[in-house]
């Protein structure tokens, strides 16, 4: 004990006093009260009252270490800590009668405490290394994941960076862990809750590596990445495998840019678990004139799930999207856009019925909505330092159903600390699965009004009220109050 | 009757809302702008570089750089402070004293004439009024208290720049100020833009860090709130946002919040300005973003969910978010379908509820017999295309009721397509995670061998 104290004293004495930490604390308290449409046991519409209180606490410590470490341009050996914690509590009558036991859902817990992320990091350490240690979230064009562990990036040269990560996947079943990052596909107790433990509660190791090519501000960049998640079999029975792969994929993302006029960007993911390209994205953006842009996109997505899920066997379909959008900057700070899309659902080999009353027919094409969906939207937005206003209209139809509606929003600073906002919404919709006159179609009009006020340095209050009328009710109320507190030291 | 009532109510409410919004807009459009600092004199409309970086200036003078250069003037001869300047906020515009070396100015004699070939000394030779005409002191001043000409105003640029550092590395003025010596009047439109900086700041010759030049917050992110009287007067938002000139898809246009997947390819780039929480607020947030999900989206979402537009799972984990709400609102499978605790008389219960969620022929025919072969209305197509929609109510047990090899559960319809056993998909799945196979197939059964 004495030795520990002595070591501590020596370390404290040796630490230079010129350290210049910057602390930033962000505290947000969000209260929401709203009504959710539900169905009473006798089939009538009913409105369930939901009251939620959410508390975010974010802490960022930056510039850890003496200024002398940062080099001539101030960009070397930057150390920092970043964390975010959330408590989401539910009150009101919404949770009464919620499923319990094996059917209980994490979303229906009365309160959920999550550490969204908390990591210590370094940038440009020794001019070569970036790292993050702790709970962290990462995303790119074809991947989005969270894990507890370490992520390292070594800048081998100006053109090459190698990356490695290792840790365990963040899953909703783990303490202080949000389910939002977990792979879909298996729910609690899906292996037969009566007799088997939950596979999801087992730690799932994750490892990955990547190579990135291209200078930071270069005209062309590319990144090749591999990531795998696996888990040991919980409560293994004789004959069962010792472990299983939950996710395993190789992805390539790349972008190229030519004279601020043409940009091409895309990504492709090879899912090794299924021997399938399950995500392909390609986009082209062209600056036609200094005030006009056009974007063309192609997406292909085949749904895949956690390797433990049988839905990987069922979900053999895929869809392909073609999208185009046009943007124009008009005078006086107005920007307008028009966009359209077509979605094609690809035929699977067994969609032509081989037996039954529809033998020989393509049931995929003959079903509700057919094999295609399409839509368009257009709108304009005006922004200035004093506020914004925008209007949007949209229509789409085909597989899934039809939507037709519009939305108008305005927000203005009335006086220095006060902003007012209003929104009006109206739309009609119809599901392609429902027959007319049932719950499968409706019309909704909604109004929002509220404001934001700066109560003091770093303290903001945001109030918003909403009321909707529509086919299913004469009033549906929603209220939101948010207090934000930012403090820096 | 009821339908008419809410329609008329909605119409009135919508009219009031639009009128209010339009009124606020009209009222504010005529109001004076908010200011955060003293307004500059007659800001110039900003062609060229962003007014956020170089706010509008006021240059009520005539000055011919090219002519002075021809006469032998050097940059440092007039801009004496430039070589020693370390911050961009330094005022490097030469004062009257710098002119006096050649221009024999006499403030007591504003109309002073000089011999041909010498620098003019009249006030209006250099100074102009706001209308652009030559400026002279008002006659009433009568030489007693010389009036000051309209001032030159150059608001501080929102940049970090160290002239001394660049000069010490041998970089001449003309490398960045390319137009200065070759044209008459030089304005903010001729100041260096980011593209010229990046010619050297490429990560090799000099750092490519954004924060090396842009102003930063204490945590190292770029300072993006740059609203000043000058930037507001220029018609901007006061917000530093990517224009698209650097990476194309990063342009924060009116559809960016919905269409930023390509820009999000490089998270490091986003985090240059954004905090990590800015992602979480939508991707896993607890507050409905009204521009993505309009009012009463709960009613509308059935269309988007079935079509998977946009990809719901980019923000919601379907087996927690969707299932939780569906269970509680009575839109879920029958309690006997494997979900104990769900309200006992679920109106959407499979086949037994008072309402029917799925259309006729979804799983059973009109006689109640389980459908063995796919039909246009049956669930097989929906499950293949977007089983995520099914996941919002059902769990794997629902599928296993009919799609298991265990006859005690029910029918044993195979979900595998034709010749599945011989496919690479079978081999890959089986070799990497046979646990999924064992949910339907018995341990040690022959079906587990893809090469049988």
Subset of segment B:376-422 (residues that are facing another protein chain (nearest Cβ under 8 Å), modelled with pLDDT of 85 or more, part of a loop (DSSP other than H, G, I, E, B) and closer than 19 Å to residue B:448 by Cβ)
B:415, B:416
Would you confirm, using the coordinates I've provided, whether residue B:356 is more than 7 Å from chain A (Cβ to nearest Cβ), closer than 29 Å to residue B:310 by Cα and at pLDDT below 80?
yes
How many residues of segment A:134-147 are farther than 16 Å from residue A:250 by Cα and more than 10 Å from chain B (Cβ to nearest Cβ)? The answer is 3
Return the only residue of A:474, A:431 being facing chain B (nearest Cβ under 7 Å), loosely packed, with under 15 Cβ neighbours inside 10 Å and either over 21 Å from residue B:237 (Cα atoms) or modelled with pLDDT of 95 or more (or both).
A:474
So, of the residues in segment B:305-321 that are within 7 Å of chain A (Cβ to nearest Cβ) and modelled with pLDDT of 85 or more, which turns out to be surrounded by the most Cβ atoms within 10 Å (Cβ to Cβ)?
B:307
Output yes when any residue across segment B:186-203 is within 20 Å of the chain's Cα centre (by Cα) and within 11 Å of chain A (Cβ to nearest Cβ), and no when none is.
yes
Filter segment B:254-268 down to the residues that are within 19 Å of residue B:222 (Cβ to Cβ), within 12 Å of the chain's Cα centre (by Cα) and either more than 9 Å from chain A (Cβ to nearest Cβ) or surrounded by 19 or more Cβ atoms within 10 Å (Cβ to Cβ) (or both) and list them by number.
B:256, B:260, B:263
Which members of segment A:362-378 meet the condition of being part of a loop (DSSP other than H, G, I, E, B) and without any contact (Cβ under 8 Å) to a residue 40 or more places away in the chain?
A:367, A:370, A:371
Give A:408, A:359, A:416, A:365 a once-over and let me know the one that is more than 8 Å from chain B (Cβ to nearest Cβ) and either surrounded by fewer than 20 Cβ atoms within 10 Å (Cβ to Cβ) or modelled with pLDDT of 95 or more (or both).
A:365
Check whether at least one residue in segment B:423-437 is free of Cβ contacts under 8 Å to residues at least 12 places away in the same chain, touching a helix residue (DSSP H, G or I) at 6+ places or on another chain (Cβ under 9 Å), assigned to a helix (DSSP H, G or I) and more than 21 Å from residue B:319 (Cβ to Cβ), and report yes or no.
yes
Any residue at all in segment B:301-313 that is at positive phi, touching a helix residue (DSSP H, G or I) at 6+ places or on another chain (Cβ under 8 Å) and in a loop (DSSP other than H, G, I, E, B)?
yes
Considering only segment A:369-386, how many residues are within 7 Å of chain B (Cβ to nearest Cβ) and out of contact with any helix residue (DSSP H, G or I) (no Cβ under 7 Å at 6 or more places or on another chain)?
4
Candidate set: segment A:116-133, residues that are under 20 Å from residue A:57 (Cα atoms) and away from chain B (no Cβ under 12 Å); chosen: the one surrounded by the most Cβ atoms within 10 Å (Cβ to Cβ)
A:133
Conditions (1) in a strand (DSSP E or B); (2) farther than 27 Å from residue A:127 by Cα -> residue A:151 fails only (2)
Would you check which residues across segment A:51-78 are at the interface with chain B (Cβ under 9 Å from one of its Cβ atoms) and more than 30 Å from residue A:127 (Cα to Cα) and list them?
A:52, A:54, A:56
Scanning for something under 25 Å from residue A:174 (Cα atoms), at the interface with chain B (Cβ under 7 Å from one of its Cβ atoms) and surrounded by 19 or more Cβ atoms within 10 Å (Cβ to Cβ), does segment A:250-270 turn up at least one residue?
no
The lone condition residue A:82 fails out of (1) facing chain B (nearest Cβ under 8 Å); (2) in a strand (DSSP E or B); (3) over 21 Å from the mean Cα position of the chain (by Cα) is (3)
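The values are calculated or read from the model by the stated rules, or taken from the named source; none is laboratory data. Quick caveat, the model's predicted, so the values are computed rather than measured. In this analysis, Cβ positions are derived from the backbone assuming ideal geometry, glycine residues included, and neighbour counts consider all displayed protein chains.
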